[in-house]
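A.B. asks: The structure's right below; bear with me while I get my questions together.
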Amino acid sequence: MSIPTEPIGSLPRPHALLSGYAEHAAGRITTADLAKLQEQAVADTLSRLEQLGCPVLVDGDQSKSSAHGYPLTGLTGLAPDGAVIPYADGHTRRLPRLTLGPFRYQVRADTYLRTARAQAGLPVKQTVVAPSALSLLYPAEGIDGYPRKAFLDDLADQAESEIRGCLEAGAHLVQLDFSEARLALKLDPSGGLLDDLIGLNNLVLSRFGEAERERLGVHTCPGADQDSTHSLDVDYAELLPRFFQLNAGAFYLQLASEPDPDRILAVIADHLPSHARVFIGVIDPIDPAVESPEQVRDRVLTAARHLPADRLGTCDDAGFAPFADDTSTSRETAFAKIGARVQGTALAAEELGM
C-alpha cells in the first residue's frame, strides 16, 4: 500500500500551442491546425507525467482556453459584462452574462478525456467545472421568459450528463473544480451564497449511486491565476465544515500555501466524512520556488499526524494555469514541482511504513 498522489488539472501550455491560439484568433491558422497543436501538447503532457512516475494522469487542460469556461465555447446568448472576480494583485477575470435560454453545454469534458485516454498508458482523471461556477452566469435581474429555476434545472441536467459521459468514457475519477467556494464566503460572509452553491452541487451529485460517487471528487482552492489568489484572506476553517457536506468520495484541498496547516488539518480531521479520502495540497503552484522532495515528505508527515494514513493522498494546491493566457509559471517549473510531489509522497509513505 502507498499514498496516492494526483495532479489537480491544468498545466502551462507549451509555447507552440500558445502561439497557435493567438494565430487562430487572428485567423492565420485553421481550426484543424490548432487541433493538431492541442493534440501534440496533450501527448507531451501525458508522456512527461508518466516519466515523472505519476500513477494518475491528466491532460493538463491543454485543449481548453479556460478550465471553467470550456462548456461555453461557441455558445450564443452571452454578453461580456458578467460578474467580476478580483485577485489580490489587482488583476481581474470577468465572467460572461447569460442573456437567453435554454442553457446547453456546447463542449463536454468527455471529449477531452477520450483523446487523452487514447494516448495514455495509465489511468486518466478528468476535471470538470462545477455547476456552482456556471450558475454565476445568470444575471441578478433575471432573463425574460427564462426564470432562474428553469436555468438551474437545465444546468443540473447538463452537469449530470457531462459527468456521466466522463464516467462512461473510463475516467479514473471525475473531479469537480469548486474554486469559487471560498470566494463565496468573501462575497457573502453570512454563508448564504456558499450554501446555495453547495446545494446545487449536491443536487447533481445526488443523482449518482454510491459506487459512482466513489469516483467523484471535488477540489477547492482560493484561486490560482497569474501567481495570485482571490480569497486566501478568508479563513479556511469557515469553509471546510460546509465543504465536507458535499456528497463526493474524494476531496482535493489546497494546503501548502496555508500559513498554519496544523490548525486547518485539525478542522479537516474533525469534519472529513468517514467514507472519503482527502488529498492534501503539498505543492504551491503560485510560489516560484520548486519544493524539494523532503519538503513534500514533511508536509505529508504533518498531515499524517492528524489524519489516517490510509485515507490520505497528496495533490497540488491548484492547477498551474487554469486560463490559457496565464504564463506566470513556466511549463518546466510546473513539471519540476510535480516531480517533487511524486518523490516526496513516496518518501513519506516509506517513512510511514506503507
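The values are calculated or read from the model by the stated rules, or taken from the named source; none is laboratory data. Bear in mind that the values here come from a model prediction, so they are computed numbers and not experimental data. All Cβ positions, glycine included, derive from the backbone under ideal geometry; neighbour counts span all protein chains shown.
A.B. asks: Is at least one residue of region 224-246 part of a strand (DSSP E or B) and under 18 Å from His68 (Cα atoms)?
C.D. replies: Yes, region 224-246 contains at least one residue that is part of a strand (DSSP E or B) and under 18 Å from His68 (Cα atoms).
A.B. asks: Residues Gly344, Gly281: which one is in contact with a helix residue (DSSP H, G or I) (Cβ under 7 Å, 6 or more places away or on another chain) and not in a loop (DSSP other than H, G, I, E, B)? Don't jump to the end; show me each part of the working.
C.D. replies: Details: Gly281 fails: in contact with a helix residue (DSSP H, G or I) (Cβ under 7 Å, 6 or more places away or on another chain).
Going through Gly344, Gly281 in turn, the sole match is Gly344.
Conditions tested, residue by residue: (1) in contact (Cβ under 8 Å) with a residue 60 or more places away in the chain; (2) among the small types (Gly, Ala, Ser); (3) assigned to a strand (DSSP E or B); (4) in contact with an Asp or Glu (Cβ under 7 Å, 6 or more places away or on another chain).
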| site | (1), (2), (3), (4) |
| --- | --- |
| Glu160 | no, no, no, no |
| Ile163 | no, no, no, no |
| Gln175 | yes, no, yes, no |
| Ala181 | yes, yes, no, no |
| Lys186 | no, no, no, no |
| Leu200 | yes, no, no, no |
| Glu212 | no, no, no, no |
| Val218 | yes, no, yes, no |
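A.B. asks: Starting from region 50-65, keep only residues that are touching a residue at least 12 places away in the same chain (Cβ under 8 Å), then list their pairs with residues that are among the aromatic types (Phe, Trp, Tyr) and surrounded by fewer than 24 Cβ atoms within 10 Å (Cβ to Cβ) whose Cβ atoms are within a distance under 7 Å, requiring at least 6 positions of separation or different chains.
C.D. replies: Pairs that qualify, where the first residue is touching a residue at least 12 places away in the same chain (Cβ under 8 Å) and the partner is among the aromatic types (Phe, Trp, Tyr) and surrounded by fewer than 24 Cβ atoms within 10 Å (Cβ to Cβ), are Leu52/Phe335; Lys64/Tyr70; Ser65/Tyr21.
A.B. asks: In addition: Just to check your reading of the model, which residue among Thr92, Thr76 is of a type in the set (Val, Ile, Thr), more than 21 Å from the chain's Cα centre (by Cα), farther than 29 Å from Leu173 by Cα and loosely packed, with under 15 Cβ neighbours inside 10 Å?
C.D. replies: On the way: Thr92 fails: more than 21 Å from the chain's Cα centre (by Cα).
Result: Thr76 is the single residue among Thr92, Thr76 that is of a type in the set (Val, Ile, Thr), more than 21 Å from the chain's Cα centre (by Cα), farther than 29 Å from Leu173 by Cα and loosely packed, with under 15 Cβ neighbours inside 10 Å.
A.B. asks: Also, quick follow-up: Looking only at region 217-230, decide whether some residue is at pLDDT below 95, over 14 Å from the mean Cα position of the chain (by Cα), acidic (Asp, Glu) and within 23 Å of Val84 (Cα to Cα).
C.D. replies: yes
A.B. asks: Given the conditions (1) surrounded by fewer than 18 Cβ atoms within 10 Å (Cβ to Cβ); (2) closer than 23 Å to Ala349 by Cα; (3) under 21 Å from the mean Cα position of the chain (by Cα); (4) not hydroxyl-bearing (Ser, Thr, Tyr), which single one is not true for Ala266?
C.D. replies: Result: Ala266 fails condition (3) only.
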